[in-house]
1. Which residue, ALA72, ALA106, ALA28, has the most motion in a Gaussian network model of the chain that connects Cα atoms within less than 10 Å?
2. List, in the order given, every pair from LYS10/LYS78; LYS132/LYS154; LYS10/LYS196 whose Cα-Cα distance in the structure shown is over 26 Å.
3. When a/c is below 1.5 the answer is rounded, else prolate if a/b is larger than b/c, else oblate, so apply that to the stretch 1-120 with a ≥ b ≥ c taken from the square roots of the Cα gyration tensor eigenvalues.
4. Of the accessible area of the chain, with the probe set at 1.4 angstrom, what percent is carbon plus sulfur?
5. Identify the GluC sites (Glu not before Pro) of the stretch 94-194 meeting these criteria: DSSP loop state and at most 15 other C-beta atoms within 10 Å of the C-beta.
6. How far apart, in nm, are two points set 7 Å out from the Cα along the Cα-to-Cβ line at LEU178 and at ARG198?
7. Size of the chain along its principal axes in angstrom, Cα-based, largest extent first?
8. Which of the aspartates and glutamates could a cross-linker bridge to LYS144, judged by Cα under 16 Å and excluding same-chain residues fewer than eight apart?
Amino acid sequence: MISRIELCIKVPNSIYVACSGGADSMAAVDFFRRGRKKVTIAHFNHGTKHGVGAQNLVTEFAEDEGIEIASAHIQGRKPRGRSWEDWWREKRYEFLHSLPGTVVTAHNLNDAVEWWIMSSLHGQGRLIPTRKGNVIRPFLTTPKLSLHKWCHSKHVPYVNDPGNSNERYARSIVRHQLMPQALRINPGLYKTVRKKLRMTA
């Protein structure tokens, strides 16, 4: 697997970067800031216990680095029958689509492979699209490890979301249980999905 950060699509000079406070999105903010893009952080607080600490870290980083920030907090109550994942995603994208410019997310190659497996389990393997309205995903061919290495080498702070290891959520089951088995069967799975992404970007 590649070990560097690469962009699979062109990124405008003025952007919002969706930032949760996790390593992936904090690396994305710092990557574009150092690349002389005009960056505004877009932070969405999901209203969880973790969300308080994450918002504090993102806000402090933005103030220290002189980066503008646009933020929103989840509103309303989760409808009965909806999963927390789906509801959070819906509300987060409502916020991102409301912003008056291009929004970059830090979805990466690991996310793309996990999504392909999850969608395959529902009958049709799909790739995460590089664009959705005003939202673009230029890191889809970059491994998660490269973004984490960026944070460590550049001393970029981040917080770990405990929800990422909570196997109440489908994505955590795919990540922690299915992915190791899938890679045993096909060790080249990341390369396969990366090739497909580069062909469709």
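The values are calculated or read from the model by the stated rules, or taken from the named source; none is laboratory data. The shown structure was predicted, so the numbers you read here are calculated from the model rather than taken from an experiment. Note that each Cβ is placed from the backbone with ideal geometry, even for glycine, and that neighbours are counted across all protein chains shown. The accessibility values were calculated without ligands, DNA or RNA, using every heavy atom of the protein model including side chains. Shrake-Rupley method; radii C 1.70, N 1.55, O 1.52, S 1.80 Å.
1. ALA72
2. On the way: LYS10/LYS78 36 Å; LYS132/LYS154 30 Å; LYS10/LYS196 18 Å.
Correct reply: LYS10/LYS78; LYS132/LYS154.
3. Working: a/c = 1.76, a/b = 1.17, b/c = 1.50.
Here the stretch 1-120 falls in the oblate category.
4. Details: 5600 of 11100 Å².
Carbon and sulfur: 50 percent of the exposed surface of the chain.
5. Those that pass, being in a loop and sparsely packed, are GLU167.
6. Taking the simple label geometry, LEU178 and ARG198 are separated by 2.6 nm.
7. 47, 42, 31
8. GLU6, ASP24, ASP30, ASP111, GLU114, ASP161
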